[in-house]
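The values are calculated or read from the model by the stated rules, or taken from the named source; none is laboratory data. The structure presented is a predicted model; accordingly, all values stated were derived computationally and were not measured. Positions of Cβ are generated from backbone atoms using ideal geometry, with glycine treated the same way; all protein chains shown enter the neighbour counts. Just the protein is used for accessible areas: all its heavy atoms, side chains included, with ligands, DNA and RNA removed. Shrake-Rupley method; radii C 1.70, N 1.55, O 1.52, S 1.80 Å.
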Amino acid sequence: MERARVLLLDAAPGELLGRELERLLGHGLAVTLNLQRVTDRAGARTAWAGRVDFTDFDAFDEPALLAETVRDGLGYHAVKSRAGVPLRAAFLTAATDAKLANRLRVVGRAGAGTDHVELAAAARHGVAVTHTPGSNANAVAEFALAQLLALTRDLPAHNEAAHRGRWRAPVAPAVELSELTLGIVGLGRIGLALAERATALGMEVQGLSRRPPEASVPRARSLTALLATSDVVSLHLPLTSQTRGMVGRAELALMRPGSVLLNTARGGIVDEQALADALRDPAHPLAAAAIDTFEHEHAAFASPLFGLPNALLTPHVAGMTRNAMATAALRCADHIAALLANRPDGVPVVTM
């Protein structure tokens, strides 16, 4: 029986690459590794020659992605993405073309978010979309705490001043975490992990969720109420048609004087131009923001937040710990193999 073909659009980094490939090969899958984001391409070719096939293209370039999808008329049964390569209607149409020897059946994401996939098109073409919810919950929660501490203690400004040889004294004493209220928008796995850690550090925590939370976190009546009664607001929501633009000018204006906004969720949830305008305005109640996710990322990275001293910007790295990435990569490999073998029980599949 011919082995199912899997294309790794962006493989796990470093030593995790070997573990990911071994897991996929152990499931009896025929793997094609895209070398574009592999640091040691020559080393990978040498180490895996004869066991996997290779390609090398920019998966974020849709024409290049489409060309690889239909190359030699072979096609792939599954594709795996880690960094959220956009998989839109054109790709899904091409990848499921009846003329291909192997039509796409599964899209796997080594991570929680699936907003990079056009889910309606996937459903139309009979493509299952799986992901690894919770695999990076601890990592992202820890990162949000790091953002919180960096901004409430003004670490970026102190660091910059010290590197310039300036002894910078605080204008006013900093507050301790036990003096602050943390509002968490989204009480999924990450939101609950953050709530647990913040509570242990003495913070008062409140949350907002569409579903009843699994743990006892005091609930705010509404987003408006949460914004008006929190010193720090942390976003932990998927990007959907309902959450896109959820935090804009009106919402930012409701926040407490001296408040801080954290976003490790998705860039489209926050209106970046409205956020930049707020951070530029010394009279605005919002004092600072830490942003790890943006409307435009990777090669298209651009933001009106560039250059603002009270904006702490990081390149979507909150979930990138060794443990989180290994868990996501291996779990995603297992999910892809199970779906290709028609064993869907226990595999998370995203629907509209």
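Could you tell me what percent of the accessible area of the chain is made up of carbon and sulfur, with a 1.4 Å probe and every protein chain present? Walk me through the numbers on the way to the answer.
Numbers: 8860 of 16710 Å².
Accessible surface attributable to carbon and sulfur in the chain totals 53 percent.
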### Summed residue charge, Cβ within 14 Å of Asp231's Cβ, Lys/Arg positive, Asp/Glu negative
-1
### Query
Distance from the Cα centre of region 280-316 to that of region 50-99, in angstrom?
32 Å
### Message
Taking a cut-off of 25 Å, what percent of all Cα-Cα pairs in the chain are separated by more than that?
### Response
56 percent
### Query
Among Ala101, Gly165, Val38, which residue has its Cα positioned farthest towards the positive end of the charge dipole of the chain, with +1 placed on the Cβ of Lys and Arg, -1 on the Cβ of Asp and Glu, and the dipole taken about the Cα centre?
Ala101
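Calculate the translational D of region 1-137 in whole µm² s⁻¹ from Stokes-Einstein, where the hydrodynamic radius comes from the Kirkwood formula applied to all Cα pairs, the temperature is 37 °C and the viscosity 0.692 mPa s. List each step's numbers first, then the result.
Numbers: Rh = 15.1 Å.
Reported coefficient: 217 µm²/s.
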#### Entry: Cβ crowding within 10 Å averaged over residues, with 238-250, 158-170 ranked highest first
238-250, 158-170
### Message
Could you order the peptides 319-329, 62-72 from most to least packed, using the average number of other C-beta atoms within 10 Å per residue?
### Response
319-329, 62-72
### Query
Spin-label point model (7 Å from Cα, Cβ direction): what's the Asp281 to Ala172 distance in nm?
1.9 nm
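Going by average Cβ neighbours within 10 Å, how do the peptides 28-34, 306-312, 174-180 rank, with the highest at the top?
On the way: 28-34: 20.1, 306-312: 15.3, 174-180: 13.4.
Ranked by mean Cβ neighbours within 10 Å, highest first: 28-34, 306-312, 174-180.
Using a cut-off of 12 Å between beta-carbons, work out the net charge of the residues near Thr132 (Lys and Arg +1, Asp and Glu -1, Thr132 not included).
Working: positive: Lys80, Arg82, Arg109, Arg189, Arg331; negative: Asp334.
Residues close to Thr132 contribute a combined charge of +4.
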#### Entry: Probe 1.4 Å, accessible area per residue of the chain, Å²
47 Å²
### Query
For Glu196 and Arg88 in the same chain, what is the full-extension length gain: residue separation times 0.36 nm, less their Cα-Cα distance, in nm?
35.2 nm
